[in-house]
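What follows is a short report on a single structure.
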Amino acid sequence: MRGSINLILPPISPPSFISLNRLSHLYFSPSPSSSDLLKAASKKLVFATKTQPLSTMATDEERVGNVKRQLAKLFESSLRAIVPDESDVEPLIAPCTGKFGDYQCNNAMGLWSKIKGKGTEFRGPPSVGQAIMKNLPPSEIVESCSVAGPGFVNVVLSKSWIAKTIQNMLRDGIETWAPQLEVKRAVVDFSSPNIAKEMHVGHLRSTIIGDALARMLEFSNVDVLRRNHVGDWGTQFGMLIEFLFENYPNLEDVSETAIGDLQAFYKASKQRFDDDAAFKLRAQQAVVKLQGGESEYRKAWSKICEISRKEFDKVYQRLGVKLEEKGESFYNPYIPGVIKELSELGLVEESEGARVIFIEGANIPLIVVKSDGGFNYASTDLTALWYRLNEEKAEWIVYVTDVGQQQHFDMFFKAAKRAGWLPADDSKYPKASHVGFGLVLGEDGKRFRTRSSEVVRLVDLLDEAKSRSKTALIERGKAKEWTEQELEQTAEAVGYGAVKYADLKNNRLTNYTFDFDQMLSDKGNTAVYLLYAHARICSIIRKSGKDIDELKKAGVIVLDHAGERELGLHLLQFSEVVEEAGTNLLPNVLCEYLYNLSEIFTKKFYSNCQVVGSAEETSRLLLCEATAIVMRKCFYLLGIEPVYKI
């Protein structure tokens, strides 16, 4: 798995304005045509006012793996039969946590509170539950039902149906278990480093979480636009360009090799900017010339961006992350027109010399044009949102940043709702969601840094993970058993996978401590443990000497042992877990499922059910294969490369 960046260049001849930095863009002379950029698209704003449910029921053929939805369809039929006048009642289906069944319908109590006192024939939640159970239409899915407590309807699934569904997946592919969302196109905005600065550990979470969410949505048949909203426009480019001219009068000599450490180059130029007044003045003039479109300055800017991208791409290649760059500079020409549209809608007001949008419930307004005429972070983000809704036709825009930016996103989402771009109801689409995440901490409980208090470079962190993984493999004698290529590939898969999984398994809103020893342990809930578990399953199948593809065609799965049935049920829940993790934007839900799958396979199935040489060998080999397939798909959705031998 290898990643790449596809570059989308900003429009030629941007309007002549200066950007101070990612949070402050100073505007000087608006281009006469900047608002014209919106004319053709402005009619499309109607698109953003349509509201539809985020996901919808699909046919059974499309959702063969989603048990919850198939049961919901059965219980919906029952509910319509017993309370035909309560058309807004939706089935409440959840997996059982006790020993009474596999799934549970929890409508009885809520339904009773709606119908009591209306002359109903029912005498309480238990009788409502009994009626729900008795009115279930016949189905091959259900083996038996019972009512417990205040009307909970417990469902036991048919063993033969579970077995048949798994066999169908083995024959037709894991894609038949993919969730089907009503959303057709989404933007996932993630990673977003600043040009001329190296990626550090602070970019780790956004990149890993964003990639996992994009993969889950893509698996769910959503067209995902993976956007890298890099900081590529601002006053820092004035000092960088001027420093570049001083050191390389001939721009043709500028290369990644010539500049060397981009971070050191940035620090040196910043030092000159702070210490030398004459240099500072030239740097400020360079920004004016750059944004005025002077070719030499534009060329220097492009060189710096190109070198940065190559550095970013090294990290993305290692992480197997694919991104399409549309940086801040891309949206600059559209900002004046978007502000004009918002002003015409009556949203933009004057306040202390600035132009702002007042947000209900916020103690400060959203500034969209500063008192000195400058644009800022909100200007760019509102414009990017407008572009994504109207030009890129996205129905769901997901922003993956740290939780510290929550207030900013809350305010600009509310501004978009006031403008009519987004519906007031967050359950409708088009919608925008902020995926916040906590900090990466060191063992001292503070932000993860080097011993010299420098921010940890992401490339160094990944190198260390791979190196430690390789050392562990060599200590286990693998250097004698494997080729050097096999050793390198496995060390990379395990090392990088360990870093990713240690992040993704946590609820993203929490901080977590970066600990190489813990994440590279082969015990407990770690990528190493899971990757090795997958490799052991592959080894079982290889050692059987059987052609697994032939077994898929002719073999039959039987779930007579309790361990077989528990494993089969958990496999079947893959689809609904992916849907839950994707729609709620919580990768840790999928991590928990994957770990539990490995535990069930090892402790409930493999420890109690002999595979090779047993009378049930064919069936159990097929269960091994189904488990390996589901594990591999989980790994893929989390951005982790599987290993096949240990």
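The values are calculated or read from the model by the stated rules, or taken from the named source; none is laboratory data. Keep in mind that what you see is a predicted model, and the values were worked out from it rather than measured. Positions of Cβ are backbone-derived with ideal geometry, glycine not excepted, and every protein chain shown enters the neighbour counts. Note: areas computed on protein heavy atoms with side chains; ligands, DNA, RNA excluded. Shrake-Rupley method; radii C 1.70, N 1.55, O 1.52, S 1.80 Å.
Among the residues making up region 140-159, those that are closer than 30 Å to Gly555 by Cβ and surrounded by 14 or more Cβ atoms within 10 Å (Cβ to Cβ) are Ile141, Val142, Glu143, Val155, Val156, Leu157, Ser158, Lys159.
As for region 237-247, it holds no residue that is touching a strand residue (DSSP E or B) at 6+ places or on another chain (Cβ under 7 Å), assigned to a helix (DSSP H, G or I) and either at negative phi or open to solvent by 10 Å² or more (accessible area, probe 1.4 Å) (or both). Within region 440-479, being basic (Lys, Arg), under 28 Å from the mean Cα position of the chain (by Cα), surrounded by fewer than 19 Cβ atoms within 10 Å (Cβ to Cβ) and not in a strand (DSSP E or B) holds for Lys446, Arg468.
A residue that is in contact with a strand residue (DSSP E or B) (Cβ under 8 Å, 6 or more places away or on another chain), under 20 Å from Gly361 (Cα atoms) and part of a helix (DSSP H, G or I) occurs somewhere in region 416-439. Against the conditions (1) touching a residue at least 12 places away in the same chain (Cβ under 8 Å); (2) within 24 Å of Asn376 (Cα to Cα), Arg318 satisfies every one except (2).
A search for C-beta distances below 7 Å between a residue of region 71-86 that is touching a residue at least 24 places away in the same chain (Cβ under 8 Å) and any residue that is open to solvent by 70 Å² or more (accessible area, probe 1.4 Å), counting only pairs 6+ apart in sequence or on different chains, returns Glu86/Lys114. In region 590-646, of all residues being closer than 18 Å to Glu579 by Cβ and among the charged types (D, E, K, R), the one that is surrounded by the most Cβ atoms within 10 Å (Cβ to Cβ) corresponds to Lys633.
I'd like the full set of residues that are under 13 Å from Phe413 (Cα atoms) and surrounded by 20 or more Cβ atoms within 10 Å (Cβ to Cβ), limited to region 336-358.
Hit for region 336-358 is Ile357, nothing else.
Against the list (1) buried (at least 20 other Cβ atoms within 10 Å of the Cβ); (2) more than 27 Å from the chain's Cα centre (by Cα); (3) of a type outside the set (Phe, Trp, Tyr), the condition Val435 fails is (2). Ala416 meets each of the listed conditions (1) at pLDDT 95 or above; (2) in contact with a Gly (Cβ under 8 Å, 6 or more places away or on another chain); (3) farther than 25 Å from Phe312 by Cα apart from (2).
Can you tell me which of Gln180, Gln130 is assigned to a loop (DSSP other than H, G, I, E, B), among the polar types (S, T, N, Q) and either touching a residue at least 12 places away in the same chain (Cβ under 8 Å) or touching a Cys at 6+ places or on another chain (Cβ under 8 Å) (or both)?
Values: Gln130 fails: assigned to a loop (DSSP other than H, G, I, E, B).
So the residue among Gln180, Gln130 that is assigned to a loop (DSSP other than H, G, I, E, B), among the polar types (S, T, N, Q) and either touching a residue at least 12 places away in the same chain (Cβ under 8 Å) or touching a Cys at 6+ places or on another chain (Cβ under 8 Å) (or both) is Gln180.
Per the conditions (1) open to solvent by 60 Å² or more (accessible area, probe 1.4 Å); (2) modelled with pLDDT under 95, the sole criterion not satisfied by Lys546 is (2).
All of (1) closer than 24 Å to Glu486 by Cβ; (2) in contact with a strand residue (DSSP E or B) (Cβ under 8 Å, 6 or more places away or on another chain) hold for Tyr512 with one exception: (1). The residues of region 83-114 that are outside any strand (DSSP E or B), among the hydrophobic types (A, V, I, L, M, F, W, C) and within 19 Å of Gly149 (Cβ to Cβ), listed by number, are Leu92, Cys96, Phe100, Ala108, Met109, Leu111, Trp112.
Quick one: is Tyr377 at pLDDT below 95 and under 22 Å from Trp233 (Cα atoms)? Answer is yes for this residue.
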